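Student: What follows is a structure written as structure tokens; I'll ask about it next.
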Amino acid sequence: MPAARLPSTAPSAPAAPTSPAAEAPAREAPERMSRVDTAWLRMDSDANLMMIVGVWLLAPAITLAALRTRIADKLLKYPRFRHKAVPDALGACWVPDAGFDVARHVVAARLAPRRGESDRQALQRLCGELASTPLDAAHPLWQFALIEHYEGGSAVIARVHHCIGDGIALISVMLSIADGGADPPRRRRAAAGDGEMDALLKPLGELAAKAVGLYGQGMARSIEMLASPQQPLLGGLAMARTGVKVVGDIAALALMGDDSPTLLKGRPAGRKVVAWSEPMPLDAVKAVGRGLGCTVNDVLLACVAGAIGGYLRESGDDPSGKEIRAMVPVNLRPPDRAWQLGNRFGLAPLVLPIGIANPVARLAAVRLRMAALKESWQPMLAFAILSATGLFIKPVQDLVLGLFAKKTTAVMTNVPGPAQPLKVCGATLRQSMFWVPASGDVGVGVSILSYGGGVQFGLVTDAALCAEPQAVIDRFAPEFDKLVYLALMLPWGDPGDPGRSPLPRKELA
């Protein structure tokens, strides 16, 4: 029996009033898609679809008509959600959908639990099925599915193609759906720092096109070309000192070895399964971080490494001495422009020490790796390389991205959400989670989301590599508990010295 039944994508009639925002102006012209967004559009494969999938749990229940009205009144004020993506010889364009109907994009779903399956398990199965189902390319690439009755309230599963926007942009935009959510700002002149960012990214885009040549025997010649005075790296004398660092980071990206072989590394089959945890108190995570002289991210990533290592060990795949690489998105968008759609982030390769069993030693190793990434240009260079691949034909783009996929086991993201619970159509948004897509042959996606005073983990895996992601998720809280207990047992020194940390200064093996 299926987890849920979705209606046909061609509704018989709209179930909500059509707002002016839902009607695309007749004079609206096609818009050229950015290079980076084009790369994301063409990155879909049989194994991985480039969709961001999220779930909202609401209490009490809301109606389909109410959700359609809210989407029409709020989300559709962003023109991108009324545009379809149309590929052409030069890449792709955003084209107004003349047949747009909000009822096609906001649909009803019904859970149908299997024998012995809880509603929670049926919802997770439905999320996995939808994460494996392509969106209709003939219309704008997004959809909301409402399960009107779930655990005394409702559940909403949202799917948005990555070419529309990255996680930071979509979180900001989705907040507009909440009660009292703000409309998108009117067009304005660029902020003072925007030109500097564009001036930096433009030469990096040119530099990245050359960086593709770093693979193979042409590496030394390419580095020499990039370092040549006739090829200005960052366009100004003030940034000249950065040149050596940039070239070094390009070489580091190109020379990354293939990732450690584990059960989580292999060829995905294209069937997704998802799981998520219950929220942990964010204040408790902050307290452990302060006590151990680490950031919240350090603590959470150490829990991720511990949970994955423990899962592999129990599955008969000894992780001792192994590390895996996760690509971590790094926001490159100014905070005041978080609402702008499109993709404006880089990717940083973070090594997770899954083979370190000692929780404190593992946390120290994570802290050192995070500190090194903060000094790196690799996120900017990854953005530029992705931008450059948007100019290539799809087979060449797949080849370039496939090289990076070989060096990576997972994609991992950490997105801060609102500190206070939100309301949607009068109902409280009691829990929120999302999953990030992976490209190439990467079959694992880890999501960390803070919301309403809690922080929780989400995991999406390919069934061929990990059929039960809940078995990994269930290890996150115990890994955090170990850090709590050990933090209480460690010598604390002078409590008046906030810079003192009980963690070792050098990585422990």
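Student: If I model a spin label at Ala372 and Ala467 as a point 7 Å from the Cα along the Cα→Cβ vector, what separation in nanometres do I get?
Tutor: 3.7 nm
Student: For the range 457-467, take each phi angle, set θ = phi - 60°, evaluate the Karplus expression 6.51 cos²θ - 1.76 cosθ + 1.60, and give the result in whole Hz per residue in order, putting x for glycine and proline.
Tutor: Couplings: 10, x, 9, 10, 9, 7, 4, 6, 9, 8, 7 Hz.
Student: Mind giving me the nanometre distance, one decimal, between the label points for Leu90 and Asp317, set 7 Å out from Cα along Cα→Cβ?
Tutor: Going by the 7 Å Cα→Cβ label model, 4.5 nm.
Student: Structure shown: which of Lys272/Lys406; Lys84/Lys272; Lys272/Lys407; Lys77/Lys423; Lys77/Lys286; Lys286/Lys407 lie over 28 Å apart, alpha-carbon to alpha-carbon? List each step's numbers first, then the result.
Tutor: Numbers: Lys272/Lys406 20 Å; Lys84/Lys272 25 Å; Lys272/Lys407 21 Å; Lys77/Lys423 20 Å; Lys77/Lys286 37 Å; Lys286/Lys407 32 Å.
Flagged as over cut-off: Lys77/Lys286; Lys286/Lys407.
Student: With charges only on Cβ, +1 for K and R and -1 for D and E, what is the dipole size of the range 69-124 about its Cα centre, in debye, rounded to 20?
Tutor: Details: 11 positive and 6 negative charges, 46 e Å.
Taking the Cα centre of the range 69-124 as origin, the dipole is about 220 debye.
Student: Starting from 0.36 nm per residue, how many nanometres of slack lie between Asp283 and Lys406 once their C-alpha separation is accounted for? Before the final figure, lay out the partial values.
Tutor: Working: separation 123, 0.36 × 123 = 44.28 nm, distance 3.73 nm.
Separation in residues times 0.36 nm, less the Cα-Cα distance, equals 40.6 nm.
Only the coordinates and a few stated rules stand behind these numbers; no lab work does. Please read these numbers as outputs of a predicted model, since none were measured by experiment. Every residue, glycine as well, gets a Cβ built from its backbone with ideal geometry; the counts of neighbours run over all protein chains shown.
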